[in-house]
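Written below as structure tokens is the structure these notes are about.
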């Protein structure tokens, strides 16, 4: 088994040399070894609290033993299954998703990655409405595959691959008037994150999603909510749209559905939209999407979240973080500008872009893995597992204090 140095060397040579260089500058040239709860141990033995969690993939914690056991039991009798054949596991998870998602969301198309299920959501919207237009938000993040990339809100991701899919336009996030002007008779759908993750933990004004819902309904456009990062308890509700009582026509979910041990994602949509699939039952296929193993894991993850009321826990731990953030705002007014937070989806806005990478470095020195937002580098993102303990919250707050103190004193 390779050492940490050997693993980093091989990663640089055979995977991505610039990633290794960038992470080294950010103090995050870590090779994960042991993983447990909210913590990981580097191969060199250093311990960290994980506040990256692959943008919310580890809501139930790292290597949750309950989820691991469910996967082990499934392996005794199942494999991935044949994707063209009907599956009991798929049917059971789809029914469960219909039960826990808001309103009349009913049917599911499974995938493996977030971009894949966003692709299907957009395809379904266009196929069902027979309209070409898709409106997304500036700074949004929906994935790097075909339709998802066309919707993404940062030009640096799109530019190398243009021309992309036609019919896409973007408006400022949180601006209902701008959206009103962009939606018309050719609009198939509006796609939004209830809270922008990669865009800098941007939380829209109260009532925004309700306005979006009304605009879409009036123009006959579908509303797609991308809850891949915000779903499964992250914001203090099972799904972030529930904070405003808004039911989308289509919802995409993923990341934590796989319990950090098996990749699975899903597009969940209103039953009437399934009419499009009656005429086109094989129009979207995914060999590994909704594998039997993944569905068994997904079912156990949902049960675990509900049994332990992780949305409520996210609210409680979020309140503990919020009290600490108030102290940090008072203590470091020259560099810490704003706190953006909904549950355990948290962002700290600093006074300049360079402070995001510098905070990543300092936090790593103080035992916390965290990363700045790709679409807004001045924002440090904090998205720990929802299983984080009060003691671990306090350790993260202490690390933030030490890191800001080091920066004020002229540290990297």
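The values are calculated or read from the model by the stated rules, or taken from the named source; none is laboratory data. Computed from a prediction, not measured in an experiment: that's the story for all the values here. Backbone-built Cβ (ideal geometry, glycine too); neighbour counts: all protein chains shown.
Consider segment 89-111. How many of its residues are over 12 Å from residue 252 (Cα atoms) and touching a residue at least 12 places away in the same chain (Cβ under 8 Å)?
12
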Of all residues in segment 64-121, count the ones that are surrounded by 13 or more Cβ atoms within 10 Å (Cβ to Cβ) and under 22 Å from the mean Cα position of the chain (by Cα). 29
Name the one entry in 77, 73 that is more than 22 Å from residue 285 (Cβ to Cβ) and part of a helix (DSSP H, G or I). 73
Evaluate the following for residue 124: is it assigned to a helix (DSSP H, G or I), on the phi < 0 side of the Ramachandran plot, without any contact (Cβ under 8 Å) to a residue 60 or more places away in the chain and touching a helix residue (DSSP H, G or I) at 6+ places or on another chain (Cβ under 8 Å)? no
Which of the following residues is under 22 Å from the mean Cα position of the chain (by Cα), within 14 Å of residue 97 (Cβ to Cβ) and not in a loop (DSSP other than H, G, I, E, B): 213, 300? 300
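Suppose we keep only residues that are outside any helix (DSSP H, G or I) and free of Cβ contacts under 8 Å to residues at least 12 places away in the same chain within segment 131-177. Which one would you say is surrounded by the fewest Cβ atoms within 10 Å (Cβ to Cβ)? Spell out the reasoning first.
Applying the first criterion (outside any helix (DSSP H, G or I)) to segment 131-177 yields 131-145, 152-154, 162-175.
Filter again for free of Cβ contacts under 8 Å to residues at least 12 places away in the same chain, leaving 162-163, 175.
Working: 162: 9, 163: 7, 175: 17.
Per the stated criteria, the residue is 163.
Looking at 382, 310, 299, 306, which one is in contact with a strand residue (DSSP E or B) (Cβ under 7 Å, 6 or more places away or on another chain) and at pLDDT 95 or above?
Working: 310 fails: in contact with a strand residue (DSSP E or B) (Cβ under 7 Å, 6 or more places away or on another chain); 299 fails: in contact with a strand residue (DSSP E or B) (Cβ under 7 Å, 6 or more places away or on another chain); 306 fails: in contact with a strand residue (DSSP E or B) (Cβ under 7 Å, 6 or more places away or on another chain).
Checking each option against the conditions leaves just 382.
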Got at least one residue in segment 180-195 being closer than 20 Å to residue 151 by Cα, touching a helix residue (DSSP H, G or I) at 6+ places or on another chain (Cβ under 6 Å) and either assigned to a helix (DSSP H, G or I) or without any contact (Cβ under 8 Å) to a residue 40 or more places away in the chain (or both)? yes
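In this structure, does residue 318 turn out to be under 20 Å from residue 342 (Cβ atoms), buried (at least 18 other Cβ atoms within 10 Å of the Cβ), touching a strand residue (DSSP E or B) at 6+ places or on another chain (Cβ under 9 Å) and at pLDDT 95 or above? It would help to see each step written out before you state the result.
Numbers: under 20 Å from residue 342 (Cβ atoms): yes; buried (at least 18 other Cβ atoms within 10 Å of the Cβ): yes; touching a strand residue (DSSP E or B) at 6+ places or on another chain (Cβ under 9 Å): yes; at pLDDT 95 or above: yes.
So residue 318 fits the description; yes.
Just checking, how many residues over segment 390-402 are surrounded by fewer than 23 Cβ atoms within 10 Å (Cβ to Cβ) and touching a helix residue (DSSP H, G or I) at 6+ places or on another chain (Cβ under 8 Å)? Write out each step before concluding.
Residues of segment 390-402 surrounded by fewer than 23 Cβ atoms within 10 Å (Cβ to Cβ): 390-395, 397-399, 401-402.
So of that shortlist, the ones also touching a helix residue (DSSP H, G or I) at 6+ places or on another chain (Cβ under 8 Å) come out as 390, 393-394, 397, 399, 401-402.
Total meeting the criteria: 7.
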Scan segment 363-389 for residues that are buried (at least 22 other Cβ atoms within 10 Å of the Cβ) and in a helix (DSSP H, G or I) and jot them down. 363, 364
